[in-house]
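What follows is a single structure, written as structure tokens, with notes after it.
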């Protein structure tokens, strides 16, 4: 295999997933669109002069996909997700080398921690974050009070936060 | 009082009602710890949301397309772009094949087609007029060829084979797409594109391959005889968007589409060292004339107009109160969400000495952010992010509260201003417009000015807004797009708060005794009718404090060879006594004060000292390099002996004489374009 291809393949294996996850959130949950953006990012990487990208391809991919997603939101006036989605504060702050690696690691741990939450907490949080429902909609769907939904989600996030802080990072995952 | 964790969580997740949100926002503004907590919750929620995405991987097909592209970098490779709508994958492919066939039998395809319809049948539409006749015939031919290939439809294996041969490549299109240079473009739309390799680079076409970027074609302005057209009139334009766009294309390794290159914007993308105007004058004019680098027998005249300067850091400290209509009608994307995005960008320009407060009005009024110094951008950002629309409107009460805030933090000698952003729907409260206007006037007398930002369409009460702004000694800007909002609130914030002049028009009159023909380089979209120059009712460009405008004229002096049109029925106009003055031209500039009123005329007479080739200043070299660069990218007919080497020489000389990053960048970009074009002129 030619060296460029091997290089791109390694980058794909390493960063494809965190990129699609991240871009999906920026695009308000549109995973199909996120895939296109990420593919586009990689295609651009293939076109970019390698000497200019090599060594910081991770940061490059991250920036290209993020900017692309933000452009789409702007062009389509889809500002809702960026503005209102939780984590909108991240859009301007979450740059830096190792970002995708750190995210991939966090995603893996959060996926695992989600399974340890009490079922109703996990369900409420999933409805909120994966299905973008409001507290009111969640309370209707779960047949429980608004106050209870608020409690469930607060506790769920609080548990995830403490567990994440306590649990040390997996050594195997720490590489960029 | 710090809100409890549950409230902070609800706030972070955007769950509170407006009133609650305002309350929490205020509490957070005063409590860094609570704010850090909110940000932490948002970051965690973001990561969790990402972790919950299902099937977060590319498809096999997408991965294959990426790997197929890897290892075939675009140097010296040309693509023919064939695009279609996403749903029309099968038909799109057929267009690709059809095009290949067409290409083989008719290598020059001087028009652009788009694929229309749902993929059941490839309906073709010409996107632009053919260069030479017979478009209908060609279209029919192409359509026939395509139809004949519809049956049997192309299967996936064939596609893979074509890909393996390097003939076809595929990928998604969303706005800008990676790669490729120019070629004919088939298609349009938001979906998948197919590139078909064009190894000889002979196919023509000039459309952006992405389909979502379209550029209006404006033919290059050519030479005009002074006897027939003694006046050149245009509205000033200090936009430099085209330069940024050209740079983006080149950095992605492709040449920009011809119509994306607007030469005057390339010229105006650079800083020239023009002296400021004399006290009391709105503009200075710096004019330089020397031999034209690309046609040495011609003269190149550079006109530089400089508005009075004010260093951004010298702008007086501002005390801004954003008065934002958060009534239900502001919900539309083009209103509050657009405004929020632009305001967030504006926050980055705040200096520590600036202050911002936010007052919202809907059914009730609220201080969403008490007056906060620019050093605490986080608090401002957070307050803007949490603005939301609900309820009806009471504009009057909101204005009173906004003025109160502005008064409370009044900066002596500063820019004290209320920025009212609304769709103009004052449907509750003070409906008495006269009372409102009276309030605004009284406040302006006291040093607090009003800028009205109109948003959205349909509901917009334009006249109300304009009247309020006019009588309040303020400005009125209509934010029709995010770009405009960012221009007004961010890029030209200084210019918005301090405009040097408006309705700026330039008219140049040439002296037939010295000049036989002229050509304005660029400004194709900006020309005005000569009679509009003196018509104050005709709007033209505005110039913010410190902006400069540069225009280049290529002049053919009397005596130089020029095959101008001879008139059969009339003789040249009779020269006046001034024609013997030796002046080559007179520049007339009309501008209004930012506050409006009648326009003011400045005139500058120009002589040609006879500077030879290379005897101009570094600024002239720079402007000439930018013009040369633009003409080559556009394939301008009047480019004379312009070449990449000439452009490079001029740019290098300018960079050597006055080094700076932007000049170095121009050298670099010209070099890149030379490489991409294979050194030749870009043919269209």
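Per-residue extension of 0.36 nm, minus the Cα-Cα distance of residue B:607 and residue B:33, leaves a gain of 199.9 nm for this segment. Shielding value for B:57-63 is 6, the average number of Cβ atoms from other chains within 10 Å of each residue's Cβ.
Need the full-extension length gain, residue B:309 to residue B:537, defined as separation in residues times 0.36 nm minus the C-alpha distance. One decimal, nm. It would help to have the intermediate numbers written out before the result.
Numbers: separation 228, 0.36 × 228 = 82.08 nm, distance 2.70 nm.
Once the chain is fully extended between residue B:309 and residue B:537, it gains 79.4 nm.
For the residues of B:31-39, the average number of beta carbons from a partner chain within 10 Å of their own beta carbon is 1. Apply the a/c threshold of 1.5 to the C-alpha gyration tensor of the range A:3-77 and tell me whether it is rounded, prolate or oblate. Verdict is prolate for the range A:3-77. Diffusion coefficient (Stokes-Einstein, Kirkwood radius over C-alpha pairs, 25 °C, 0.890 mPa s) for the range B:612-651: 243 µm²/s, rounded to a whole number.
Based on the Cβ-Cβ distance from residue B:20 to residue A:165, what FRET efficiency comes out when R0 is 22 Å, to the nearest 0.05? Show your work: numbers first, answer last.
On the way: r = 29 Å, r/R0 = 1.30.
My answer for the efficiency is 0.15.
Both radii come from the Cα set of the range A:100-166: Rg as radius of gyration, Rh as Kirkwood radius; their ratio Rg/Rh reads 1.02.
Label sites at residue A:131 and residue A:71, each approximated as a point 7 angstrom past Cα along Cα to Cβ, lie 3.5 nm apart. For residue B:657 and residue B:248, the difference between the fully extended length at 0.36 nm per residue and the C-alpha to C-alpha distance is 144.6 nm. Inter-label distance, residue A:13 to residue B:576: 8.0 nm, where each label sits 7 Å from its Cα along the C-beta direction. Remark: mean inter-chain Cβ contacts per residue of A:49-56 equal 1, using a 10 Å Cβ-Cβ cutoff to other protein chain atoms.
Give the peptides B:322-335, B:348-361, A:136-149, B:647-660 in descending order of average Cβ contacts within 10 Å, highest first. Don't jump to the answer; show the numbers that get you there.
On the way: B:322-335: 22.8, B:348-361: 21.0, A:136-149: 15.0, B:647-660: 19.2.
Highest to lowest by the protection proxy: B:322-335, B:348-361, B:647-660, A:136-149.
Hey, quick one: spin label on residue B:615, modelled 7 Å out along Cα-Cβ, who in the range B:507-521 has an amide N within reach, i.e. under 19 Å? Within reach of a label on residue B:615, which here means backbone N under 19 Å from a point 7 Å along Cα→Cβ, the range B:507-521 contributes B:514-515.
Placing dummy labels 7 Å off each Cα toward the beta-carbon, the span from residue B:375 to residue B:404 is 2.8 nm.
Every number here is computed from the coordinates shown, using simple stated rules; none is lab data. Nothing here was measured: the structure is a model prediction, and the numbers come from that model. Every residue, glycine as well, gets a Cβ built from its backbone with ideal geometry; the counts of neighbours run over all protein chains shown.
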